[in-house]
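Read through the structure below, which is laid out as structure tokens, and then see the notes.
The values are calculated or read from the model by the stated rules, or taken from the named source; none is laboratory data. Since the structure is predicted, the reported quantities are computational estimates derived from the model, not experimental observations. For neighbour counting, all protein chains shown are included, and Cβ atoms are generated from backbone atoms with ideal geometry for every residue, glycine included. For the accessible areas, the whole protein counts, side chains as well, though only heavy atoms, and no ligand, DNA or RNA atoms are used. Shrake-Rupley method; radii C 1.70, N 1.55, O 1.52, S 1.80 Å.
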Amino acid sequence: MNALVDPLSYREQSPDVRARFQALKERPVVLSVENLYKTFPTPGGPVTALKDLSFQVFRREFMCVIGPSGCGKSTLIRILAGLEDASDGQVLLDGKPVSGPGPDRGMVFQSYTLFPWLTVKQNVMFGPRMAGQGAAAEPEARQWIDLVGLSRFENSYPHQLSGGMKQRVAIARALANRPRILLMDEPFGALDAQTRSQMQSYLLQIWKNLDITILFITHDLDEAAFLADRILVLKANPGEVNEIIEVPVPRPRTPAQFVSPEFIATKYRIDHLIHPEAAHEMDSIPFPRMTVAGDDVE
Amino acid sequence: MKTDPIREKRLREPWFAARRELSPRRASFLTIFSFALPLLIWSAVSYLPFLWHPDVELQISADRENVTTVYVAGDRVSREFFPEFQEAVRQQNKPLEAGLASLDPAAEATNGAAVRRANKKTLRQLVPILAANQWITEEQAKDDAAIYTSWGEIAAGKKVPTRPQLSEENLAIIAKNWAAMSKVSPTYDSDRFVSVPLLGLVPQGRPANPDYLPAPHEVVVSGIKEFTAPPEAERPSMWQRVGHSIRIVFGGFLLATLVGVPIGVLCGTYPVFSKVVEPFTDFFRYLPAPTFSTLLVAIFLANDAPKVALVFVGTIFQLVLVVANTTRRLDLPLLEAAQTLGANQAQLLTRVVIPGILPNLYDDLRILLGWAWTWLVIAELVGVKSGLTEFIETQGRWRNFDSVYPVIILIGLIGFFTDQILSALSRIFFPWTSEASGKANPLAKAILFLPRWFQKSASVHDLPADASGQARESLTNRP
Ligand SMILES: Nc1ncnc2c1ncn2[C@@H]1O[C@H](COP(=O)(O)OP(=O)(O)O)[C@@H](O)[C@H]1O
Ligand SMILES: [Mg+2]
């Protein structure tokens, strides 16, 4: 075991952080997931993607969901968005069960889902238009575009934007509906590392200044530890709650904290939960030797 | 001239590199070449007599005894048959020579009248040659006196036919015949005409292609003639025919679009429509539309209605299926995103599905319009034949292929340019597609490129070698 990190040190919270979590848990529950099950019928028999999932998200909380690929993260968020029905259990938004998609839950997808035939501004106005607002939505749409820093591109079409810009518009578009919660399914997964870290700082800025709760799915440890108040770690096959980690890294978050002990401890813990046997696995693979004796690197 | 590094580099680029874009210059060149190549091949086959030319076009023909088919000048016979044909005439001449040489001008043969009639035919064998050399006019083709005089002039060497030249053999025959003819009468007199058989001219001809492959210039000449001919009572002008055909194609196509697009979009959007409509449509599209022609005539009676209906029937089933597929290809996440933004079912259709598929729908319709043109040919044969197809049919039956080709080419050009224009318009209609901001249409580019290319090559030649070199240097040496 790595002697540099105490495996349980992520539980040690500074008084500030402790107070923050106390206050957080006293806030009203925005989203409540109760005993959620999801089974897909497939030709090879039913596949259980989610099993007995229960957790709560508090108002203005930033919660990340992390888990190995294929553990059911997307399935979960699609159920929350109403794009998929749960096999059992229920989802409550502000105490009321949700059924079907609705503008009270904004969603940002990993794939680019801007409407290619609409300009940036028209994309952002799409939600208000669907709700029956006409030109009145325009000044507000401008504000949202300002907020994501794309005023110069309000009349551009999506194909003229870079990936990061597209996702910023997607965020503005979701926020323009004034949702209770913003659901994000690996929204920065397709971006390059630099753009992604920019977008993360960006998202935190937006979140800080708005009355918005965020449920953010990722498979990136750094991203989860940098963004989240709490991280919901899922087990694979089927997806079950493994642990909910309270991130001990104080806010406001800055990239400098990537090397702070709390940050590293958090990442270490997530890694341990997701890949418990990873280290031993590698040892057990019989590698044939392909170098000359004495030419060792370790 | 100094070497130009940019030009050097451009010349070194490989022509064959898998999936690698050609330079715009080469792309334009090849686009033009793709049209020039078939024209070149056509011209080569038409104008180089040693290429193909399986037939002989007769310039001088002849009657042969015991042969029922009569060839006249301008007819084509196969190259294998031609020598046989010539030899037959020579054999026919052989026994006649003695009689002709020992002619007694005063004597009258027993069957004189019949021989004279045959001899007058021989006399007229020269007509195509005389006409080709413009020694007689069209009206004089039956003016035996003028022809008679010409025989004399050719025999005396006063007139030498150049197109085509007469073979030595035929010149000798003309001389022998003229000797006999002039002995009886120096000028034409239908009563005083040789009454022993004259020698027949030996057929002459030039290599030719079959009549179904006319030469480019013949097609151009016939095309100009057909397209400038004024309309007659029973015969519409070519442009009237073109208009008629276009009306039928677009009529049938627009009807099919009006009916088919909404059905296709509904099928692609709602599985319930898809399951009701598509299986039957899929079956029906395999029923060949032409087999409905008599039925359509029975339903829609004469005139254009059954023709429009045939284009409609031929197009609509494909159209529904193609549009349904295009609609289904719309990115599902777009529909999901719209739902999370609060769009209801009706809004999904009108605000997402329809605008989302428009560019692809437009492309589909462009392709289907091409199909509609192929149905036209069958549609115009339904009921009362009409339009361009009727013209092609009739002329083809008369083997006037030089008139048929211009029409075929015109149909191709109409289709091609409609498509090019529609494709260019698509960039204006759909500015949000990445193609719109990307590459221009290659053909348009090639056409625009031509004048620049000539200009460029001209300007390089205009400048003295030193000057152009210096000009370049002064540009590149700028700090
Ligand atoms: N529509 C579906 N039909 C069948 N199986 C599905 C479907 N959607 C997801 N699954 C299965 O559910 C599991 C979880 O998928 P997903 O939620 O996409 O995982 P993640 O987003 O965590 O990578 C996977 O094993 C996947 O194969
Ligand atoms: Mg996923």
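Positive end of the dipole of chain A (Cβ unit charges, origin at the Cα centre): among A:Thr75, A:Thr113, A:Pro288, the Cα lying farthest that way belongs to A:Thr113. Give the shape of the range B:137-188 as rounded, prolate or oblate, defined through the alpha-carbon gyration tensor: a ≥ b ≥ c are the square roots of its eigenvalues, a/c under 1.5 means rounded, and otherwise the shape is prolate if a/b is larger than b/c and oblate if not. Judged from the Cα gyration tensor, the range B:137-188 comes out oblate (a/c at least 1.5, b/c at or above a/b). Volume of the convex hull of the range B:19-92 (Cα atoms only), normalised per residue: 128 Å³.
Using a probe of 1.4 angstrom and keeping all protein chains present, the accessible surface of the range B:227-354 works out to 50 square angstrom per residue.
When the alpha carbon coordinates of chain A are projected onto the principal axes, the ranges are 74, 50, 43 Å, largest first. Seen from every direction in turn and averaged, the convex hull around the alpha carbons of the range B:222-287 projects onto 7.1 nm².
In this label model, A:Arg11 and A:Arg152 are separated by 5.1 nm, measuring between points 7 Å along each Cα→Cβ vector.
Between B:Asn133 and B:Trp239, what FRET efficiency comes out of the Förster formula 1/(1 + (r/R0)^6) with R0 = 30 Å and r the beta carbon distance, rounded to 0.05? Efficiency at R0 = 30 Å is approximately 0.20.
For the interface of chains A and B, what total accessible area is buried with a 1.4 Å probe, rounded to the nearest 100 Å²? Roughly 1900 Å² of accessible surface disappears when A and B pair.
Accessible surface area normalised per residue over the range B:66-219 is 53 Å², counting heavy atoms of protein chains with a 1.4 Å rolling probe.
To put it simply, the accessible area of chain B at a 1.4 Å probe is 63 percent carbon and sulfur. Overall form of chain B: oblate. Here a/c, set by the Cα gyration tensor axes a ≥ b ≥ c, is 1.5 or more, and a/b is not larger than b/c.
With q set to 0.19 Å⁻¹, the log10 of I(q)/I(0) for the range A:1-129, from the Debye formula over equal scatterers at the Cα positions, is -1.17.
Per residue, the Cα convex hull of the range B:346-399 amounts to 93 Å³. When the Cα atoms of the range A:1-63 are aligned to their principal axes, the ranges along those axes come out at 52, 40, 15 Å in descending order. Shape analysis of the range A:117-236 based on the Cα gyration tensor places the equivalent ellipsoid semi-axes at 26, 16, 12 Å, largest first. Of A:Lys51/A:Lys96; A:Lys38/A:Lys166; A:Lys73/A:Lys267; A:Lys121/A:Lys166; B:Lys159/B:Lys225; B:Lys142/B:Lys225, which sit over 24 Å apart, Cα to Cα? Exceeds cut-off: A:Lys38/A:Lys166; B:Lys159/B:Lys225; B:Lys142/B:Lys225. Annotation: aspartates and glutamates with alpha-carbon distance below 18 angstrom to A:Lys208 (same-chain offsets under eight excluded): A:Asp16, A:Glu61, A:Asp146, A:Glu223, A:Asp229.
Both numbers refer to the Cα atoms of the range A:167-206; Rg and Dmax are 10.4, 30 Å. The calculated FRET efficiency for the pair A:Ile244 and A:Asp94, based on their C-beta separation and a Förster distance of 22 Å, comes to about 0.60. What a 1.4 Å probe finds exposed on the range A:171-223 is 44% carbon and sulfur by accessible area, rounded to a whole percent. For the range B:55-208, the alpha-carbon coordinates run over 45, 33, 25 Å along the three principal axes, in decreasing order. Per the helix-only calculation at 222 nm, which mean residue ellipticity applies to the protein assembly as shown, given -39500 (n - 2.57) for every DSSP H run of n ≥ 4 and division by its residues, nearest 500 deg cm²/dmol? After summing the helix terms and dividing by the residues of the protein assembly as shown, the value is -16500 deg cm²/dmol. Compared with its chain on its own, the range A:117-131 contains the following residues whose accessible area drops by 50 Å² or more in the full protein assembly (probe 1.4 Å; ligands, DNA and RNA excluded): A:Trp117, A:Phe126, A:Met130. Between the listed residues B:Ala132, B:Ala302, B:Tyr286, the Cα displaced farthest toward the positive end of the dipole of chain B, a dipole computed from Cβ unit charges relative to the Cα centre, is found at B:Tyr286. Would you work out if the range B:238-438 is rounded, prolate or oblate? Take a ≥ b ≥ c from the square roots of the eigenvalues of the alpha-carbon gyration tensor; rounded if a/c is under 1.5, else prolate when a/b is larger than b/c, oblate otherwise. Taking the square roots of the gyration eigenvalues as a ≥ b ≥ c, the range B:238-438 is oblate. Across every direction, the projection of the convex hull enclosing the Cα atoms of the range B:34-142 has a mean area of 10.8 nm².
The alpha-carbon of B:Lys307 sits under 14 angstrom from the alpha-carbons of these aspartates and glutamates, leaving out residues fewer than 8 places away in its chain: B:Glu380, B:Glu390.
Spin-label model, B:Thr228/B:Leu255: points 7 Å from Cα along the beta carbon direction are separated by 3.8 nm. For A:Asp16, the accessible area of its heavy atoms, probed at 1.4 Å with every protein chain present, is near 120 square angstrom. Taking the chain by itself as reference, the range A:156-172 contains these residues with an accessible-area loss of 20 Å² or more in the full protein complex (1.4 Å probe, heavy atoms): A:Tyr157, A:His159. The charge dipole of the range B:218-284, taken about its Cα centre with unit charges on the Cβ atoms of Lys, Arg (+1), Asp and Glu (-1) only, comes to about 160 debye. Shown here for the range B:134-243: trypsin sites (Lys or Arg not before Pro) in loop regions (DSSP other than H, G, I, E, B) with at most 11 other Cβ atoms within 10 Å, namely B:Lys158. Taking a quarter of the surface of the Cα convex hull of the protein assembly as shown gives a mean projected area of 60.5 nm².
A crude spin-label estimate for the pair B:Asp104 and B:Phe35, with each label 7 Å from Cα along the Cβ direction, gives 7.6 nm. Between the Cα long axis of helix B:354-379 and the first principal axis of chain B there is an angle of about 20°, rounded to the nearest 10.
Of the residues A:Asp6, B:Asp144, A:Asp94, ranked by 1.4 Å probe accessible area with the largest first, the sequence reads A:Asp6, A:Asp94, B:Asp144. Computed from Cα positions, the angle between helix B:442-462 and the longest principal axis of chain B comes to roughly 70 degrees. By how many degrees, between 0 and 90 and to the nearest 10, does the Cα long axis of helix B:24-47 differ from the longest principal axis of chain B? Taking the Cα atoms of chain B, the angle to B:24-47 is about 20 degrees. Per-residue surface analysis assigns B:Phe81 an accessible area of about 40 Å², computed on protein heavy atoms at 1.4 Å probe radius. Once the Cβ-Cβ distance of A:Arg289 and A:Ser69 is raised to the sixth power relative to R0 = 41 Å, the FRET efficiency obtained is 0.80. Applied to the range A:211-221, the Karplus parametrisation 6.51 cos²θ - 1.76 cosθ + 1.60 on θ = phi - 60° returns per-residue 3J(HN,Hα) values of 7, 9, 9, 10, 10, 10, 9, 7, 10, 9, 4 Hz, with x for Gly and Pro.
Using a probe of 1.4 angstrom and keeping all protein chains present, the accessible surface of chain A works out to 48 square angstrom per residue.
Look at the dipole of the range B:55-208 built from charges on Cβ: of B:Gly112, B:Gly157, B:Phe193, the Cα furthest out on the positive end belongs to B:Gly157.
Extension gain, A:Gln133 to A:His275: 0.36 nm times the residue separation minus the Cα-Cα distance gives 46.2 nm.
Note on chain A: with charges restricted to the Cβ of Lys and Arg (+1) and Asp and Glu (-1), its dipole about the Cα centre is near 1260 debye.
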